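Novice: Encoded as structure tokens, here's the structure I'll be asking about.
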Amino acid sequence: MDETTAKSKIAAAVAGDTEALTALLHHFGPDVERSLQINPVWQPVLETSDVMQVTYLEAFLRIGRFDPERSDSFVAWLRRIAQNNLRDAIRGLERQKQPQPRNRIRPANHQDSMVGLYEMLEAESGTPSRQVRRDEACQVLESAIRLLPDRYGEVVRRYDLEAQSIQEVAEAMGRSPGAIHMLRARAHERLRQQMGSSSDYLDTRE
């Protein structure tokens, strides 16, 4: 793909042309995948194809915010998304190797699960907000989860709300444990963003 064609397709993709974005990912994706390096320790539970699957999904979700006029090229943008996904997968796998039991207490009921997830996301955001009642927390999260892409929502519901293990979630969804950690990280990122914009419940935004 020559530079002129690439620029044209990037502009079309940013404008919402999914075929143009698919062509860009098909052309540039393999080079990005070859640049990924996974420690042999994690290769049994994480492959570069796992990273790229989540990266492609994120590309479709984020392409509308890509600015073709910036110095950052499309390839660099895609590579950064892939590297972030790989980093989050490794972090999740490392935490899984040394689990903290207090973080995996099976909740007594669905509301407890929702409140626990809400509080965790609030703590991770680094942006304090006013205290909310249990029913408010549940309402905020239910609304935010419904807006997630299906795969993100399924990971959150299975792991965070139903207290399934990473292995159980991976088997149910037909994905590797590493891919589940990536999907969960991206899901949490989107939930924090959505919660931060829920001015009916929160006083501050991210």
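The values are calculated or read from the model by the stated rules, or taken from the named source; none is laboratory data. Here the structure is a predicted model, which is why all the values come from computation and not from measurement. Every residue, glycine among them, receives a Cβ derived from its backbone with ideal geometry; neighbour counts consider all protein chains shown.
Novice: What number of residues in the stretch 135-156 are at pLDDT 90 or above and not hydrophobic (A, V, I, L, M, F, W, C)?
Specialist: Number satisfying all stated conditions: 6.
Novice: Looking at Ser49 and the list (1) in the same structural domain as Cys138 (by TED's automatic domain parsing); (2) at pLDDT 70 or above, which single condition is not satisfied?
Specialist: That leaves (1) as the condition not met.
Novice: Are any residues in the stretch 40-63 part of a helix (DSSP H, G or I), touching a residue at least 40 places away in the same chain (Cβ under 8 Å) and not hydrophobic (A, V, I, L, M, F, W, C), and if so, which ones?
Specialist: Going residue by residue through the stretch 40-63, those that are part of a helix (DSSP H, G or I) are 48-63.
Checking the rest, the ones that are also touching a residue at least 40 places away in the same chain (Cβ under 8 Å) come to 50-51, 53-54, 57-58, 60-61, 63.
Result: Asp50, Gln53, Glu58.
Novice: Out of Thr22, Thr48, Thr55, I need the residue that is polar (S, T, N, Q) and over 30 Å from Ser165 (Cβ atoms). Which one?
Specialist: Just a single option satisfies the conditions, and that option is Thr22.
Novice: Oh, and also: Considering only the stretch 24-68, state which residues are within 17 Å of Arg175 (Cα to Cα), within 19 Å of the chain's Cα centre (by Cα) and surrounded by fewer than 17 Cβ atoms within 10 Å (Cβ to Cβ).
Specialist: Ser49
Novice: Which numbered condition in (1) within 17 Å of the chain's Cα centre (by Cα); (2) modelled with pLDDT of 90 or more is the only one that Tyr118 fails?
Specialist: Of everything listed in (1) within 17 Å of the chain's Cα centre (by Cα); (2) modelled with pLDDT of 90 or more, Tyr118 misses just condition (2).
Novice: Considering only residues of the stretch 136-168 that are free of Cβ contacts under 8 Å to residues at least 12 places away in the same chain and of a type in the set (D, E, K, R), which is farthest from His181 (Cα to Cα)?
Specialist: Arg146
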